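Trainee: I have a structure here, written as structure tokens, and I will follow up with some questions on it.
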Amino acid sequence: MNRRTLIKQLGLSVPGYLLSKQAGASLLESFGQQAKGPFLPTWDSLQSYTVPEWYRNAKFGIWAHWGPQCEPEHGDWYARGMYEEGSDHYKYHVQKYGHPSKFGFKDVIHQWKAEKWDPDQLVALYKRVGAKYFFAMANHHDNLDLWNSKYQSWNSVNVGPQKDLIGGWAKAAKKQGLPFGVSVHASHAWMWYEYAQGSDKNGPLAGVPYDGKLTKADGKGAWWEGMDPQELYAQNHALSDGYHWDWEKGVSVPSKAYCDKFLKRTIELIDKYEPELLYFDDTVLPFHGLNDVGLQLAAHHYNQSMKRNKGMLKAVVNGKILNEMQRKCLVWDIERGQSNVIEPFTWQTDTCIGGWHYDKRIYENKRYKSSQTIIQTLADIVSKNGNLLLNIPVKGNGSIDDQEVAILEEIAAWMKINSECIFDTRPWKVFGEGPATTETAKLSGPGFNEGKGKPFGAADMRFTTKGDTLYAVVFGWPDNGKVTIKSLSEQNGLRPGAVNKVELVGGGELRFQRNSEGLEITMPENRPALAYANVFKIK
């Protein structure tokens, strides 16, 4: 059975709903929220998009990937894993909270209070560290909207913290003058929560259903009386054929009502909080391959940005696993990984110093990424025409821990001296040189090649440019006291003009000579404190 036949049988055959290059009247038009503007919900129309200069110059953003799954402080995908019998999350949940037939994820949400959350303090810190934009998670696969959602009663104002978290983040970002972004992950709740429909296969509670099939009628006398768990869990449907991320590979087809509701929720988020950046944790766009909901959201976001900014387009939409055409329409996002070439279009890496959701075990075992790793990764990404979006995991109570603060302070110290090689720069003719350029790992799906290549060493360097200035970021301090940049040898045509001056940024002018081997720079006697990323300014 082909997709059109299947969707028609499910009652989804409405104008604009079937995926096509020439979509008809959109769902947004049907409920009167279509933003007027030049962008239409088609790939042909979206190809007129141009990445705004502010984003190309920004290079570095910080993300609060924070929601109710941070309350247990046990790591990623807790709301799914707690229903997987025998898993690490399941065992922890049973020990801490009780069996998921009696204490489900809805009850974890109820315990989440975010009592130490201070968005002004956190966003001010992130700006001082060097972030040029700030992202907050608006919802995750757990399906809880973190704002006062008109269309989703399971939201952070009605339950849990009883606070408009997106409103607080947006206000703090505006106060600091940082462009605000929201990440939207909830399209996959339909499939992602399916384990909540199950039950144990072994033990004293074998066969007792988890709470994923509870309905509003079951809540009499409970704390959630009057709320419908099905609105949260979205599990009133047949199970998928195994676990698949892409909608066309065996996933139970989401209903029209589910997709319509997701569209309305996201439009409200865009219109109410006016983000300039919109990140979708989806292959390409939400429901790609099923319908044009994602295209409608992208067009609406761009048009709203132009409306707010007097005809100037300042908006960005991030999507994953994009083909060449789609990278003209959206900004390609690589999760936990980097491109291995200078990309023709601006792109972004999103990664984290630990887990996506806060995990106290990472703190206890001191397994966060070091500031060295983060700074070297940033230089590598910028040299290839990319931006880095870095998640700093937030504890359930809304604070960050002392190890995270220490890492951020070291990044801030490096940035205070060296940021000119990062911000407002463009790639050079080659992104760098050294052993790590020849032993790189291929991307896997949406990314995930992070840390799989050859580790950076003192022989590795990355290049950026600004006007007539070339920056070389060298990833270490050479034992022999000399740095040789082979790409600047006398015979190399990459930079045929004379080199007149070389400085160590923050350390003064240096002696150098140019020969057939390269540009040989004599290092100063005083080694800087953060010598794992030394910036040479070459004119």
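The values are calculated or read from the model by the stated rules, or taken from the named source; none is laboratory data. Small disclaimer: the values here were computed from a predicted structure and weren't measured. Ideal geometry is used to build each Cβ from the backbone, glycine not excepted, and the neighbour counts take in all protein chains shown.
Trainee: Condition check: surrounded by 16 or more Cβ atoms within 10 Å (Cβ to Cβ), on the phi < 0 side of the Ramachandran plot and of a type outside the set (A, V, I, L, M, F, W, C). Does GLY160 satisfy that? Please lay out each step first, then the result.
Mentor: Values: surrounded by 16 or more Cβ atoms within 10 Å (Cβ to Cβ): yes; on the phi < 0 side of the Ramachandran plot: no; of a type outside the set (A, V, I, L, M, F, W, C): yes.
So GLY160 does not fit the description; no.
Trainee: So which strands (runs of 3 or more DSSP E) stay within the range 372-481 end to end and still have 2 or more residues that are over 24 Å from VAL51 (Cα atoms) and out of contact with any Lys or Arg (no Cβ under 9 Å at 6 or more places or on another chain)? Please lay out each step first, then the result.
Mentor: On the way: elements: 386-391, 461-466, 469-474.
Ranges flagged: none.
Trainee: In the range 245-261, what residues are farther than 17 Å from ALA196 by Cβ and either surrounded by 13 or more Cβ atoms within 10 Å (Cβ to Cβ) or in contact with a strand residue (DSSP E or B) (Cβ under 8 Å, 6 or more places away or on another chain) (or both)?
Mentor: First, pick out the residues of the range 245-261 that are farther than 17 Å from ALA196 by Cβ: 245-250, 253, 255-257, 259-261.
TRP245, ASP246, TRP247, VAL253, SER255, LYS256, CYS259, ASP260, LYS261, listed by residue number.
Trainee: Output the number of the condition that SER339 fails; it satisfies all remaining conditions of (1) surrounded by fewer than 22 Cβ atoms within 10 Å (Cβ to Cβ); (2) modelled with pLDDT of 95 or more; (3) over 20 Å from PHE180 (Cβ atoms).
Mentor: (2)
Trainee: When the residues of the range 285-307 are narrowed to those that are outside any helix (DSSP H, G or I) and among the aliphatic types (A, V, I, L, M), which ends up farthest from the chain's Cα centre (by Cα)? Before the answer, list the steps.
Mentor: Step one: filter the range 285-307 for residues outside any helix (DSSP H, G or I), giving 285-292.
Filter again for among the aliphatic types (A, V, I, L, M), leaving 285, 290.
Numbers: LEU285: 14, LEU290: 23 Å.
Among those that are outside any helix (DSSP H, G or I) and among the aliphatic types (A, V, I, L, M), it is LEU290.
Trainee: Same structure, new question: Here is a list: ASP401, ASP359, ASP350, ASP380. Which entry is of a type in the set (Asp, Glu) and in contact with a Leu (Cβ under 6 Å, 6 or more places away or on another chain)? Reasoning before the result, please.
Mentor: On the way: ASP401 fails: in contact with a Leu (Cβ under 6 Å, 6 or more places away or on another chain); ASP359 fails: in contact with a Leu (Cβ under 6 Å, 6 or more places away or on another chain); ASP380 fails: in contact with a Leu (Cβ under 6 Å, 6 or more places away or on another chain).
Sole residue among the options that is of a type in the set (Asp, Glu) and in contact with a Leu (Cβ under 6 Å, 6 or more places away or on another chain): ASP350.
Trainee: Considering the range 530-539 alone, what residues qualify as being more than 31 Å from the chain's Cα centre (by Cα) and surrounded by fewer than 19 Cβ atoms within 10 Å (Cβ to Cβ)?
Mentor: Going through the range 530-539, the residues more than 31 Å from the chain's Cα centre (by Cα) turn out to be 537-539.
Correct list: LYS539 only.
Trainee: Another question about this same structure. Do we have LYS310 as in the same structural domain as GLY177 (by TED's automatic domain parsing), surrounded by fewer than 20 Cβ atoms within 10 Å (Cβ to Cβ), farther than 22 Å from VAL331 by Cα and within 24 Å of the chain's Cα centre (by Cα) here? Quick ask: steps written out before the conclusion?
Mentor: Details: in the same structural domain as GLY177 (by TED's automatic domain parsing): yes; surrounded by fewer than 20 Cβ atoms within 10 Å (Cβ to Cβ): yes; farther than 22 Å from VAL331 by Cα: yes; within 24 Å of the chain's Cα centre (by Cα): no.
Spelling it out, it is not the case that LYS310 is in the same structural domain as GLY177 (by TED's automatic domain parsing), surrounded by fewer than 20 Cβ atoms within 10 Å (Cβ to Cβ), farther than 22 Å from VAL331 by Cα and within 24 Å of the chain's Cα centre (by Cα).
Trainee: Now, a different point. Only one of GLU490, GLU509 is without any contact (Cβ under 8 Å) to a residue 12 or more places away in the chain, over 15 Å from GLY434 (Cα atoms) and outside the structural domain of SER339 (by TED's automatic domain parsing); which? It would help to see each step written out before you state the result.
Mentor: On the way: GLU490 fails: without any contact (Cβ under 8 Å) to a residue 12 or more places away in the chain.
Being without any contact (Cβ under 8 Å) to a residue 12 or more places away in the chain, over 15 Å from GLY434 (Cα atoms) and outside the structural domain of SER339 (by TED's automatic domain parsing) holds for just one of GLU490, GLU509, which is GLU509.
Trainee: If you check every pair at least six apart or on different chains, which have Cβ atoms under 6 Å apart with a residue in the range 279-293 that is small (Gly, Ala, Ser) first and a residue that is in a helix (DSSP H, G or I) second?
Mentor: none
Trainee: Provide a single number: the residues in the range 332-361 that are outside any loop (DSSP other than H, G, I, E, B) and touching a residue at least 24 places away in the same chain (Cβ under 8 Å).
Mentor: Filtering the range 332-361 for residues outside any loop (DSSP other than H, G, I, E, B) gives 332-335, 347-352, 359-361.
Then keep just the ones that are touching a residue at least 24 places away in the same chain (Cβ under 8 Å); that gives 333-335, 347-352, 359-361.
Residues in the range 332-361 being outside any loop (DSSP other than H, G, I, E, B) and touching a residue at least 24 places away in the same chain (Cβ under 8 Å): 12 in total.
Trainee: Somewhere in the range 435-454, is a residue surrounded by 22 or more Cβ atoms within 10 Å (Cβ to Cβ) and among the β-branched types (Val, Ile, Thr)?
Mentor: Keep residues of the range 435-454 that are surrounded by 22 or more Cβ atoms within 10 Å (Cβ to Cβ), which gives none.
No, every residue in the range 435-454 fails to be surrounded by 22 or more Cβ atoms within 10 Å (Cβ to Cβ) and among the β-branched types (Val, Ile, Thr).
Trainee: If you don't mind, another one. Output yes when any residue across the range 86-98 is charged (D, E, K, R), in contact (Cβ under 8 Å) with a residue 24 or more places away in the chain and more than 15 Å from LYS213 (Cα to Cα), and no when none is. Before the answer, list the steps.
Mentor: From the range 86-98, those charged (D, E, K, R) are 88, 91, 96; that's our starting set.
From what's left, in contact (Cβ under 8 Å) with a residue 24 or more places away in the chain: 96.
From what is left, the residues that are more than 15 Å from LYS213 (Cα to Cα) are 96.
Yes - at least one qualifying residue is present in the range 86-98.
Trainee: Next up: Just checking, does the range 460-479 include any residue being modelled with pLDDT of 95 or more, more than 33 Å from the chain's Cα centre (by Cα) and loosely packed, with under 15 Cβ neighbours inside 10 Å?
Mentor: no
Trainee: Looking at GLY451, GLY447, GLY457, can you tell me which residue is free of Cβ contacts under 8 Å to residues at least 40 places away in the same chain and touching a Gly at 6+ places or on another chain (Cβ under 8 Å)? Write out each step before concluding.
Mentor: Numbers: GLY451 fails: touching a Gly at 6+ places or on another chain (Cβ under 8 Å); GLY447 fails: free of Cβ contacts under 8 Å to residues at least 40 places away in the same chain.
Among GLY451, GLY447, GLY457, only GLY457 is free of Cβ contacts under 8 Å to residues at least 40 places away in the same chain and touching a Gly at 6+ places or on another chain (Cβ under 8 Å).
Trainee: Checking the structure you have, find out if any residue of the range 115-124 is out of contact with any Gly (no Cβ under 6 Å at 6 or more places or on another chain), in contact (Cβ under 8 Å) with a residue 24 or more places away in the chain and over 30 Å from ILE375 (Cβ atoms).
Mentor: First, the residues of the range 115-124 that are out of contact with any Gly (no Cβ under 6 Å at 6 or more places or on another chain): 115, 118, 120-124.
So of that shortlist, the ones also in contact (Cβ under 8 Å) with a residue 24 or more places away in the chain come out as 115, 118, 120, 122-124.
Next cut, over 30 Å from ILE375 (Cβ atoms) only: 115.
Checked the range 115-124: at least one residue is out of contact with any Gly (no Cβ under 6 Å at 6 or more places or on another chain), in contact (Cβ under 8 Å) with a residue 24 or more places away in the chain and over 30 Å from ILE375 (Cβ atoms).
Trainee: Among the numbered criteria (1) over 19 Å from the mean Cα position of the chain (by Cα); (2) over 30 Å from ALA436 (Cα atoms), which one does PRO344 miss?
Mentor: Result: PRO344 fails condition (2) only.
Trainee: Now a separate question. Limited to the range 133-166, what total is found for residues that are among the β-branched types (Val, Ile, Thr) and within 12 Å of PRO68 (Cα to Cα)? Full working, then the answer.
Mentor: Applying the first criterion (among the β-branched types (Val, Ile, Thr)) to the range 133-166 yields 157, 159, 166.
Subset that is within 12 Å of PRO68 (Cα to Cα): 159.
Number of matching residues: 1.
Trainee: Take the residues in the range 13-60 that are among the aromatic types (Phe, Trp, Tyr), in a loop (DSSP other than H, G, I, E, B) and at pLDDT 60 or above, then tell me which one is surrounded by the fewest Cβ atoms within 10 Å (Cβ to Cβ). Please lay out each step first, then the result.
Mentor: Start the filter on the range 13-60 by keeping residues that are among the aromatic types (Phe, Trp, Tyr), which leaves 17, 31, 39, 43, 49, 54-55, 60.
Those left that are additionally in a loop (DSSP other than H, G, I, E, B): 17, 31, 39, 49.
Next cut, at pLDDT 60 or above only: 39, 49.
On the way: PHE39: 23, TYR49: 19.
Looking at residues that are among the aromatic types (Phe, Trp, Tyr), in a loop (DSSP other than H, G, I, E, B) and at pLDDT 60 or above, I get TYR49.
Trainee: If ASN365 meets every condition in (1) more than 22 Å from PHE456 (Cβ to Cβ); (2) buried (at least 18 other Cβ atoms within 10 Å of the Cβ); (3) not small (Gly, Ala, Ser) apart from one, which number is that one?
Mentor: (2)
Trainee: While we're here: Restricted to the range 127-150, and to residues that are of a type in the set (D, E, K, R) and more than 18 Å from VAL108 (Cα to Cα), which residue is surrounded by the fewest Cβ atoms within 10 Å (Cβ to Cβ)?
Mentor: The initial filter retains those residues of the range 127-150 that are of a type in the set (D, E, K, R), namely 127-128, 132, 142, 145, 150.
Checking which are more than 18 Å from VAL108 (Cα to Cα) leaves us with 127-128, 132, 150.
On the way: LYS127: 20, ARG128: 15, LYS132: 22, LYS150: 12.
Ranking the candidates gives LYS150 first.
So that you can scan it fast, the table gives a plain yes or no per residue for (1) in a loop (DSSP other than H, G, I, E, B); (2) touching a residue at least 24 places away in the same chain (Cβ under 8 Å):
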position: GLY226; (1), (2): yes, no
position: LEU239; (1), (2): yes, yes
position: GLY242; (1), (2): yes, no
position: TRP245; (1), (2): yes, yes
position: SER252; (1), (2): yes, yes
position: ILE267; (1), (2): no, yes
position: ASP271; (1), (2): no, yes
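Trainee: Condition test on VAL394, is it within 30 Å of PRO161 (Cβ to Cβ) and in contact with a helix residue (DSSP H, G or I) (Cβ under 9 Å, 6 or more places away or on another chain)? Full working, then the answer.
Mentor: On the way: within 30 Å of PRO161 (Cβ to Cβ): yes; in contact with a helix residue (DSSP H, G or I) (Cβ under 9 Å, 6 or more places away or on another chain): yes.
Here the answer is yes, as VAL394 does meet what is asked.
Trainee: Tell me which of these ASP402 doesn't satisfy, since it passes every other one: (1) exposed (fewer than 15 other Cβ atoms within 10 Å of the Cβ); (2) outside the structural domain of GLY67 (by TED's automatic domain parsing).
Mentor: If we test ASP402 against (1) exposed (fewer than 15 other Cβ atoms within 10 Å of the Cβ); (2) outside the structural domain of GLY67 (by TED's automatic domain parsing), just (2) comes out false.
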